[in-house]
1. Out of P424, P383, report the one residue that is loosely packed, with under 12 Cβ neighbours inside 10 Å, of a type outside the set (A, V, I, L, M, F, W, C) and modelled with pLDDT of 95 or more.
2. Given the residues L390, L375, which is the only one that is more than 19 Å from V270 (Cα to Cα), surrounded by fewer than 17 Cβ atoms within 10 Å (Cβ to Cβ) and among the aliphatic types (A, V, I, L, M)?
3. Residues to consider are R249, R253; find the one that is free of Cβ contacts under 8 Å to residues at least 40 places away in the same chain, more than 19 Å from the chain's Cα centre (by Cα) and surrounded by fewer than 20 Cβ atoms within 10 Å (Cβ to Cβ).
4. Select from the stretch 80-97 the residues that are at negative phi and among the small types (G, A, S) and write down the one among them that is surrounded by the fewest Cβ atoms within 10 Å (Cβ to Cβ).
5. Would you kindly identify the helices (runs of 4 or more DSSP H) lying entirely within the stretch 261-349 that contain at least 3 residues that are surrounded by fewer than 20 Cβ atoms within 10 Å (Cβ to Cβ) and not basic (K, R)?
6. Collect the residues in the stretch 246-260 that are part of a loop (DSSP other than H, G, I, E, B) and either among the small types (G, A, S) or closer than 17 Å to T233 by Cα (or both), keeping them in residue-number order.
7. In the stretch 154-166, what residues are surrounded by fewer than 22 Cβ atoms within 10 Å (Cβ to Cβ) and in contact with a Leu (Cβ under 7 Å, 6 or more places away or on another chain)?
8. Please go through the stretch 350-360 and pick out each residue that is surrounded by fewer than 19 Cβ atoms within 10 Å (Cβ to Cβ) and assigned to a strand (DSSP E or B).
Amino acid sequence: MITKPSKRAYVETYGCQMNISDGELMEGILERSGYDIVGSPEDADVVLVNTCAIREHAEKRVLGRVSQLNGLKRDRPDLVIGVTGCMAQRMGGTLLEQAPYVDIVMGPDGYRGLPETLDRLEASRNGEDESALRTVISGPKSIEVVRESSKRGPQLAVLQLDMDENYQGLEQRRADGPSAWVPVQRGCDHRCTYCIVPYVRGGEKNRSATEVLAEIRSLADQGVTEITLLGQTVNSYVWQDVPFPELLRRVARVDGIRRVRFTSPHPRDVNEELLDVMATEQAVCEQLHLPAQSGNNRTLKRMLRRYTVETLLEKVEMVRAAVPDIALSTDIIVAFPGETDEEFHDTLDLMRTVRFDDAFTYKYSLRDGTPATRLPDTDFIEPTEAQARLAELIAVSRQIQNEINTSEVGRIEEVLIEHEGRDPGQIRGRTKRNKVVVFDGDAARIGAYTHARLERTTGATFVGSEVETSELVTAAV
């Protein structure tokens, strides 16, 4: 009997933590279906580019990448190139027209049926199952398969949003290491006018708390000690009688888990119950990402963010009263359509008032299908002005970050060793407050916890030195 060789798959991911988690999910689904997961597209029979649709730049980058991958296809015509994720859902058949060498376009709700879709593509290529291209795959989560015309052969677009699909029962294929992303929520019920997520991922879908906890216990048994809970607005999570603060508490008490983080919360759902868990559960990290987006009330209202600057500042005060040593980060968008120069400077004032430890900064990127695209043409800000505002915001943010980190030089922090450092003989780790520290050490210790003194800062990163146990005792005294 001749054994059919395993097919090889490579998944390349762009974008946010949820995309990274989705990439691991696709790898897990394919591996359980008999595929070997390989480390480069050159070694693969199937290449999946897992994409983000938040900004235009990200999409252009992906189009450039799949064009490069087409070079491999010229030498290997049987190579399957797929584009998955948010960009695939947003563009759909348009992507197949722009990149005719792409064989499969699949949105975030199609991953459960990925092996079947690949089988049907192969059957069609071989002339075995032409009808399959216009059918619905039956199963617990039906997936619509549509054929698009192409001179290069059959192409499939799997774009149906499924309001019940939260990928319960499926596990990710995670890389070795001490940390793991665990999605607890997919989709979003908010309709921020600049954001494409609800239109490419659908409404909010929460996983069973029982399944989440079982997965985390399994990860702890495998040696994972740090968990990050993922959701589009993760702190709005609720499953039956388990709201997010209670889920966070239960995760923090799983044996073997030493650190718990979560992202990305919505300011509206930061409440006393959540802060009580953060203040009392030792495993919950002293870190909170609080996406402000703007420091002006008119802009926030037009963004449909559902809070004001004043209520946001009240939340910040609540957080710092409950967890005094917390490190805060944020997201900020400048040059939203209609934003005046005065309103932009309100955002700079917010940055200076709150003094975030870190900020992810963007200029507004028009996303077709979002409400903001329907604003008057005169509201849209010239690219040179938008870039100038972004540059000024980045300068203010970096100055604040440098001032905060400089004030923390001399602190001794617990560090989870995560990676090798850039220079030989160095290792890199992260504190509970999400500060990156580089110091001398052996890469064989990745996954271990130690303590390091923060000796100097380069702005975003600390350079430190490992502290012996005897020094910790002395410091405590």
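The values are calculated or read from the model by the stated rules, or taken from the named source; none is laboratory data. This is a predicted model, so every value here is computed, not measured. No Cβ is skipped: glycine too gets one built from the backbone with ideal geometry, and neighbour counts run over all protein chains shown.
1. On the way: P424 fails: modelled with pLDDT of 95 or more.
Criteria check complete, one pass: P383.
2. On the way: L390 fails: surrounded by fewer than 17 Cβ atoms within 10 Å (Cβ to Cβ).
It is L375.
3. R253
4. So in the stretch 80-97, the residues at negative phi come out as 80-84, 86-91, 93-97.
Those left that are additionally among the small types (G, A, S): 82, 88, 93.
Values: G82: 25, A88: 29, G93: 14.
My answer is G93.
5. Values: elements: 272-280, 297-303, 309-322.
Because the criterion is at least 3 residues that are surrounded by fewer than 20 Cβ atoms within 10 Å (Cβ to Cβ) and not basic (K, R), the helices (runs of 4 or more DSSP H) in the stretch 261-349 that meet it are 272-280, 309-322.
6. Quick first cut of the stretch 246-260, residues part of a loop (DSSP other than H, G, I, E, B) only: 253-258.
Correct list: G256 only.
7. Correct list: P154 only.
8. Result: F360, single match.
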